[in-house]
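J.: Input: one structure, supplied below.
The values are calculated or read from the model by the stated rules, or taken from the named source; none is laboratory data. It should be emphasised that the depicted structure is a prediction, and the values quoted were computed from it without experimental measurement. Reconstructed Cβ throughout: ideal geometry from the backbone, glycine too, with neighbour counts over all protein chains shown. Surface areas here come from the heavy atoms of the whole protein model, side chains and all, with no ligands, DNA or RNA. Shrake-Rupley method; radii C 1.70, N 1.55, O 1.52, S 1.80 Å.
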Amino acid sequence: MSGRTHACACPERTCLGCRERAAKGDLLRIVAIEGECAPDQRGTLPGRGAYVHPTLVCLDLAVRRRAFSRAFRGPGPFDTTVLRRVIERGAS
């Protein structure tokens, strides 16, 4: 035995809100489309992606920190009303 562990190599991303690292599958991918933050549940939309936990707490932290404009490398602020509705629907 070589002593190596056979752990699954799971991609990790950092949440924009709480800044914690988590598995990519546990986070919601967000892309910017015409100045609006759009959720990308399949992970197939083109463009630069940012990740956030699918909770209102992390979304509010990201908005308060202006993290979306830094993550998308564009002028902000980005509209997050659609994103908020999707997270609220998923939480209930």
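J.: Leaving ligands, DNA and RNA out of it, rank ASP26, ASP79, ASP40 by accessible area with a 1.4 Å probe, largest first.
T.: Order by accessible area, largest first: ASP26, ASP79, ASP40.
J.: Now for a different question. For the chain, what is the accessible area per residue in Å², given a 1.4 Å probe and the full set of protein chains?
T.: Spelled out: the 1.4 Å probe surface of the chain, per residue, equals 70 Å².
J.: Could you compute Rg(Cα) / (2.2 N^0.38 Å) for the range 41-81, with N its residue count?
T.: It is 1.17.
J.: Moving on. Semi-axes of the equivalent ellipsoid for the range 10-63, please: Cα gyration tensor eigenvalues, times 5, square-rooted, ordered largest first, whole Å.
T.: On the way: eigenvalues 56, 41, 14 Å².
Square roots of five times the eigenvalues give 17, 14, 8 Å.
J.: Taking a temperature of 20 °C and a viscosity of 1.002 mPa s, what whole-number D in µm²/s does Stokes-Einstein yield for the chain with Rh from Kirkwood over alpha carbon pairs?
T.: Using the Kirkwood radius from Cα pairs, D works out to 154 µm²/s.
J.: A further question on this structure: Loop only per DSSP, at most 15 neighbouring Cβ atoms within 10 Å: give me the trypsin sites (Lys or Arg not before Pro) in the range 15-74, ordered by residue number.
T.: Listed in order of number, the matching sites are ARG19, ARG42, ARG48, ARG65, ARG66, ARG73.
J.: Please give the helix 81-91 orientation as an angle from the longest Cα principal axis of the chain, in degrees from 0 to 90, rounded to the nearest 10.
T.: For helix 81-91, the angle is close to 50 degrees.
J.: Right, another one. Where the accessible area of the chain is counted over protein heavy atoms with a 1.4 Å probe, how much of it, in %, is carbon and sulfur?
T.: 50 percent
J.: Here's a follow-up. Mind checking the range 11-92 for GluC sites (Glu not before Pro) that DSSP puts in a loop (not H, G, I, E or B) and that have at most 16 other Cβ atoms within 10 Å?
T.: Filter output for the range 11-92: GLU20, GLU34.
J.: Which whole-number percent is the relative contact order of the chain (Cα, under 8 Å, 6+ apart)? Walk me through the numbers before you get to the answer.
T.: Working: 140 pairs, mean separation 25.6, N = 92.
The value is 28 percent.
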